[in-house]
C-alpha cells in the first residue's frame with residue numbers, strides 16, 4: 001500500500017476497504033457465497049478517481065440511515081437549511097479566488113447576524129408578559145394597571161424607581177427581624193450589601209408590573225407565576241414587598257389639602273351653601289374569609305353584607321381627590337367608632353364643614369374641633385314623613401355627597417377586592433387597601449372643575 005504522507009508505514013496488519021476495488025478484481029467461490037481477490041489485484045477506486053456509477057450496498061445502507069435521522073426535521077426549516085447550505089457553498093466557491101471579496105462578504109454576514117439577533121431579542125421581549133408588550137396601547141395599560149396611559153405609568157415608575165433598585169424583599173427583611181438585625185421599623189428599605197446581594201429573578205419594573213396586575217385584575221398568584229416563569233412563593237414575596245414599599249412611599253405624600261387649595265378648585269355644584277365643605281365621608285366594606293376563632297367571627301360579621309368583612313373610612317375633597325384613608329377594622333364596628341379610632345378628628349379645623357350619610361352620628365366629635373356636619377334628615381319611625389323642606393335638603397346633600405360613592409367605586413375597580421379576601425392576606429391587606437385608594441389619585445379627576 002502507498003500513501004502520500006511521510007508518516008505512513010505499511011505492515012501486514014493493515015487492510016484495504018473492498019470499495020476501492022472494481023468487480024473484475026474479485027473471483028467468486030464455487031458456491032458464490034464468497035469473493036476473493038485475484039492475485040496482483042490493485043485498489044483503483046479513490047475519491048480523486050472517476051465516479052463509479054455502480055452504488056455499493058454499504059453506501060445504500062448509509063443513505064437510508066441518513067434519511068431516517070433527518071426525517072423528523074422536514075418542513076420549512078429543512079428547506080431553508082438546504083437553500084442556505086447551497087448558497088454558502090456557492091459563496092465559498094466564488095470567493096476562494098478573491099480574498100478581499102471574501103472579507104467584505106464576511107463583514108456583511110456579521111452585520112446581518114447582529115441585526116437578526118437584535119430582531120429576535122425584540123420579539124422575545126414583546127412576547128413576554130410585561131410593560132414593553134403593551135407600551136403602544138394606553139387602553140391595555142389602563143386595563144392591566146389602572147393608569148390612564150403609558151406615559152402616566154412611566155412617570156409613576158420614575159417616582160418609585162430610586163429606592164426600588166436597592167429594595168430588600170419581604171422574606172429577607174423578615175429574616176433580618178427574626179435575627180434581631182433590623183436597624184429600623186422598616187428593614188426592607190435598608191437595601192443589601194453588594195457582597196450579599198443575590199441576582200434578581202425579576203427586574204424592579206417587572207415587579208411593579210406584577211404587583212399592579214395582581215391588584216388591578218385580581219389575578220391569582222399561581223397564574224402570575226406561570227406568566228413570569230417564577231415560583232408562587234416568589235410572586236407572593238414580590239406582592240407583599242411592593243405593597244409595603246408603596247404604602248410607605250405614597251403614605252408620605254401630602255394628600256390633605258389646605259382650605260385655600262380646596263376653594264381654588266371648588267366645583268360649581270358646591271358653590272353657595274357648601275362652599276366651606278372640606279371633605280365628604282363614607283365607609284365601605286370588603287368581604288373576607290371566616291376566621292376559625294368565634295370571637296373574631298362575631299367582631300367581623302356585618303349585618304349589612306351578611307358576611308365577615310373589613311371596614312374602612314374614606315374622605316374625599318369636593319373636587320374628588322382622596323384625602324384620607326383609614327386602616328381596615330372589623331366589619332361590626334360602627335361609623336362613629338371608626339371615625340374615633342382612625343384619628344380623623346385630629347385633621348378637623350375650626351370652621352370646617354363635612355358631608356356624610358345619615359348613619360354618621362358624629363356631630364359631637366366634629367363640634368369639639370369647631371367644625372360642622374351636614375347629613376340628610378332622618379326618619380325616627382316608619383310612619384314619619386319628610387316635609388317639603390326636608391325632601392329638598394335630602395336631594396341637595398345627595399347631589400354633592402354622591403361623589404364619595406364614585407371614589408369608592410374607583411377603589412373597588414382594583415379587582416383584588418372583588419374576591420373574598422383569604423386569611424393569608426391579613427398581614428398585608430391594610431397596605432394593599434391604602435395603596436389602591438391612593439393610586440386612584442393618579443387617574444383622571446372624578447369631577448370636572
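Only the coordinates and a few stated rules stand behind these numbers; no lab work does. Here the structure is a predicted model, which means the values were calculated and not measured. Using ideal geometry, Cβ is built from the backbone for each residue, glycine included, and neighbour counts are taken over all protein chains shown.
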Added length on full extension, which subtracts the Cα-Cα distance from 0.36 nm per residue, residue 399 to residue 233: 55.1 nm
Simple spin-label estimate for residue 109 and residue 390 in nanometres, 7 Å along Cα-Cβ: 9.3
Ranking of 172, 410, 369, 121 by count of other Cβ atoms within 10 Å, fewest first: 121, 369, 172, 410
Residue 367-residue 118 pseudo-label distance in nm [points 7 Å out on the Cα-to-Cβ vector]: 7.4
Cα Rg, Dmax, the stretch 261-328, angstrom units: 17.2, 52
Alpha-carbon centroid distance for the pair the stretch 401-417 / the stretch 320-344, whole angstrom: 15
FRET E, pair residue 448, residue 165, Förster distance 35 Å, beta-carbon r, rounded to 0.05: 0.35
Sorted by Cβ density within 10 Å, fewest first, the residues 247, 294: 294, 247
Share antiparallel - DSSP beta bridges, the stretch 287-433, percent rounded to 5: 65
Cα-Cα pairs of the stretch 353-449 separated by more than 15 Å (percent): 73
Nitroxide proxy distance, nm - points 7 Å out along Cα→Cβ at residue 34 and residue 16: 2.1
Extension gain, residue 256 back to residue 419 (0.36 nm per residue minus Cα-Cα distance, nm): 55.6 nm
Two-site FRET efficiency, residue 290 against residue 334, from Cβ-Cβ distance with R₀ of 22 Å, rounded to 0.05: 0.55
